[in-house]
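The values are calculated or read from the model by the stated rules, or taken from the named source; none is laboratory data. Everything numeric in this text was worked out from a predicted model, so none of it was measured. Note: ideal-geometry Cβ built from the backbone for every residue, glycine included; neighbour counts use all protein chains shown.
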Amino acid sequence: MTQIEVTVNGKQERIEVRPSETLLEMIRERLHLTGTKEGCGMGECGACTVIMDGETVNSCLILAAEVDGKSIVTIEGIGSREKLHPVQEAFVEHGGMQCGFCTSGMVVSGTYLLKKYPRPTEEEIREGLAGNFCRCTGYTKIIESIEAAAETMSKGGES
């Protein structure tokens, strides 16, 4: 076991991890933050997307020991039960989800995208979500949700 220190959703954590343990496993099994999902386990679907030191990553591809000293934001760190983030609100209001399995990764990627491009074009949204797969929606409502969140945020909504 290796001990690491990592900031997760703004909270400093000291955790013992196995050498082969992934960031995804650490998030779900050690920290009990189950919003981050395991889809393919190979970095292809985006269900496990988190933000690490300001960039989106597939948490299934990163060893937990590699995040020592880093900052991680999971879906639980975006918005709160009391006040949803504009991207989360838009997904609810515009039907940007069906089964919900991909939603946490889509919301994390969409939130990151809107920090990078506050007023993205449809092409930038599609490119920003390229690593996230949804088998239910056909993406139209997901794209509309992110466009709506961008509009809300441009009018002074939370970022």
Select from segment 5-44 the residues that are touching a residue at least 24 places away in the same chain (Cβ under 8 Å), loosely packed, with under 13 Cβ neighbours inside 10 Å and not charged (D, E, K, R) and list them in ascending order.
10, 19, 20
Quick one: count up the residues across segment 89-124 that are closer than 16 Å to residue 139 by Cα and more than 11 Å from the chain's Cα centre (by Cα).
17
Expected single match for buried (at least 20 other Cβ atoms within 10 Å of the Cβ) and closer than 25 Å to residue 4 by Cα among 49, 103 is 49
Within segment 16-25, can one find any residue that is outside the structural domain of residue 128 (by TED's automatic domain parsing), closer than 26 Å to residue 135 by Cβ, in a strand (DSSP E or B) and modelled with pLDDT of 95 or more?
yes
Note on segment 108-135: residues surrounded by fewer than 14 Cβ atoms within 10 Å (Cβ to Cβ) and either touching a strand residue (DSSP E or B) at 6+ places or on another chain (Cβ under 6 Å) or within 26 Å of residue 80 (Cβ to Cβ) (or both) are 115, 116, 118, 119
